[in-house]
Amino acid sequence: MRSLMFVLTVSFVVSLAFWAYRENYTTQSAIDQTERLQRQIGEARQRLAVLNAEWAYLNRPERLRDLADLNFDRLGLLPFSAEQFGTLADIPMPEDRRDIVLSGITETSSAGGEP
């Protein structure tokens, strides 16, 4: 009985050691993957910063104005003017909704009758 208990204890300790060994390598693998992802995120942020800087450089108003002037004959681009926009009178306005709502309430209250 005593030897059986000794064998079970030793096998339990060996299985715990195997489990701890496996968990250690799983944890190390997860840490390595996290570090790799953090590095990729950093590189992506650097690329994004460069792209934002290039976008800002290419969209400078003086550069775009020069390009529009160079390609005026082909594109026919003109600056915005106030006449290009409509006036307030051009916008269709809805009818006075207050009359519709009040007439609906009046009809509903008069149609119901008194209890």
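The values are calculated or read from the model by the stated rules, or taken from the named source; none is laboratory data. For clarity, every value in this text was computed on a predicted model and none was experimentally measured. All Cβ positions, even for glycine, are placed from backbone atoms using ideal geometry, and neighbour counts span all protein chains on display.
Some points to look at:
- Residues of region 58-70 satisfying the condition of being assigned to a helix (DSSP H, G or I) and exposed (fewer than 10 other Cβ atoms within 10 Å of the Cβ): P61, E62, D69
- When W55 is tested against (1) within 30 Å of L77 (Cβ to Cβ); (2) surrounded by 10 or more Cβ atoms within 10 Å (Cβ to Cβ); (3) modelled with pLDDT of 95 or more, exactly one condition is not met: (2).
- Scanning region 69-115 for residues that are of a type in the set (G, A, S) and modelled with pLDDT under 60 gives S103, G104, S109, S110, A111, G112, G113.
- In the set A68, A82, only one residue is among the hydrophobic types (A, V, I, L, M, F, W, C) and in contact with a Pro (Cβ under 9 Å, 6 or more places away or on another chain); that residue is A68.
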